[in-house]
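Each remark here refers to the structure printed beneath this line.
The values are calculated or read from the model by the stated rules, or taken from the named source; none is laboratory data. The structure displayed is predicted, hence computed values, not measured ones. Glycine gets a Cβ as well: all are built from the backbone with ideal geometry, and neighbour counts include every protein chain shown. Side chains are part of the model used for accessible areas, which takes the heavy atoms of the whole protein and leaves out ligands, DNA and RNA. Shrake-Rupley method; radii C 1.70, N 1.55, O 1.52, S 1.80 Å.
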Amino acid sequence: YFKTNPNECYLIVSKRFGIDPKQIENQLKGIIMLDEKMNRSAFTFAAGLQSLYGNLQRVGEFIAEHSGKPNLEFDTDSLIDRQFVRK
(Lines give C-alpha, C1' and ligand atoms only; values in the text may rest on other atoms or scores of the structure.)
Protein backbone atom coordinates (compact mmCIF):
# COMPACT_ATOMS: atom_id res chain seq x y z
CA TYR A 1 0.00 0.00 0.00
CA PHE A 2 2.85 2.33 0.85
CA LYS A 3 4.43 1.88 -2.57
CA THR A 4 1.25 2.90 -4.38
CA ASN A 5 0.01 5.56 -1.91
CA PRO A 6 3.04 7.11 -0.21
CA ASN A 7 1.50 10.55 0.39
CA GLU A 8 -1.54 9.06 2.10
CA CYS A 9 0.76 6.94 4.26
CA TYR A 10 2.84 9.98 5.24
CA LEU A 11 -0.38 11.71 6.28
CA ILE A 12 -1.59 8.72 8.33
CA VAL A 13 1.73 8.39 10.14
CA SER A 14 2.10 12.14 10.65
CA LYS A 15 -1.30 12.27 12.39
CA ARG A 16 -0.25 9.44 14.70
CA PHE A 17 2.97 11.20 15.70
CA GLY A 18 1.66 14.77 15.49
CA ILE A 19 4.24 15.98 13.01
CA ASP A 20 4.24 17.31 9.46
CA PRO A 21 3.87 14.70 6.67
CA LYS A 22 6.99 16.16 5.00
CA GLN A 23 8.99 15.20 8.10
CA ILE A 24 7.77 11.61 7.77
CA GLU A 25 8.69 11.61 4.10
CA ASN A 26 12.19 12.90 4.88
CA GLN A 27 12.68 10.37 7.69
CA LEU A 28 11.72 7.48 5.42
CA LYS A 29 14.08 8.43 2.58
CA GLY A 30 16.33 5.49 1.88
CA ILE A 31 14.09 3.09 3.82
CA ILE A 32 12.88 0.14 1.78
CA MET A 33 9.40 -1.16 2.51
CA LEU A 34 9.60 -4.89 1.96
CA ASP A 35 6.99 -6.57 -0.20
CA GLU A 36 5.91 -10.20 0.25
CA LYS A 37 8.79 -11.64 -1.80
CA MET A 38 11.38 -9.55 0.02
CA ASN A 39 9.90 -10.53 3.40
CA ARG A 40 10.10 -14.21 2.49
CA SER A 41 13.76 -13.75 1.67
CA ALA A 42 14.44 -11.71 4.80
CA PHE A 43 12.88 -14.39 7.01
CA THR A 44 15.05 -17.23 5.70
CA PHE A 45 18.03 -18.56 7.63
CA ALA A 46 21.15 -17.17 5.99
CA ALA A 47 24.41 -15.68 7.18
CA GLY A 48 24.29 -12.69 4.84
CA LEU A 49 22.71 -9.32 5.44
CA GLN A 50 19.73 -10.17 3.19
CA SER A 51 18.46 -12.27 6.11
CA LEU A 52 17.09 -10.88 9.38
CA TYR A 53 18.77 -13.82 11.09
CA GLY A 54 22.15 -12.88 9.64
CA ASN A 55 21.58 -9.22 10.51
CA LEU A 56 20.65 -9.93 14.11
CA GLN A 57 23.59 -12.28 14.51
CA ARG A 58 25.88 -9.41 13.50
CA VAL A 59 24.07 -7.08 15.94
CA GLY A 60 24.58 -9.66 18.69
CA GLU A 61 28.29 -9.86 17.89
CA PHE A 62 28.52 -6.06 17.97
CA ILE A 63 26.80 -5.91 21.37
CA ALA A 64 29.06 -8.61 22.78
CA GLU A 65 32.16 -6.85 21.46
CA HIS A 66 31.16 -3.46 22.89
CA SER A 67 29.62 -4.67 26.16
CA GLY A 68 32.92 -5.37 27.85
CA LYS A 69 31.84 -9.02 27.99
CA PRO A 70 33.41 -10.63 24.90
CA ASN A 71 32.03 -14.07 25.81
CA LEU A 72 28.46 -12.75 26.03
CA GLU A 73 26.18 -14.97 23.99
CA PHE A 74 22.45 -14.87 23.38
CA ASP A 75 20.11 -16.47 20.90
CA THR A 76 19.29 -13.71 18.42
CA ASP A 77 17.21 -16.16 16.31
CA SER A 78 14.66 -16.31 19.13
CA LEU A 79 13.97 -12.58 18.66
CA ILE A 80 12.38 -13.20 15.24
CA ASP A 81 8.77 -14.28 14.79
CA ARG A 82 8.18 -15.34 11.20
CA GLN A 83 4.70 -16.80 11.62
CA PHE A 84 2.99 -14.08 9.55
CA VAL A 85 5.30 -14.73 6.60
CA ARG A 86 4.55 -18.47 6.61
CA LYS A 87 0.82 -17.77 6.41
Run down Leu72, Leu11 and say which single residue is assigned to a loop (DSSP other than H, G, I, E, B) and more than 16 Å from the chain's Cα centre (by Cα). Leu72
Look at Ile32 and say whether it is open to solvent by 80 Å² or more (accessible area, probe 1.4 Å) and in a loop (DSSP other than H, G, I, E, B). yes
Name the single residue that is surrounded by the most Cβ atoms within 10 Å (Cβ to Cβ) among those in region 35-62 being out of contact with any Ser or Thr (no Cβ under 8 Å at 6 or more places or on another chain) and of a type in the set (S, T, N, Q). Asn55
Scan of region 35-56 for residues that are among the polar types (S, T, N, Q) and assigned to a loop (DSSP other than H, G, I, E, B), ordered by number: Thr44, Gln50, Ser51
If Ile24 satisfies every condition in (1) loosely packed, with under 13 Cβ neighbours inside 10 Å; (2) assigned to a helix (DSSP H, G or I); (3) among the aliphatic types (A, V, I, L, M) but one, which is the exception? (1)
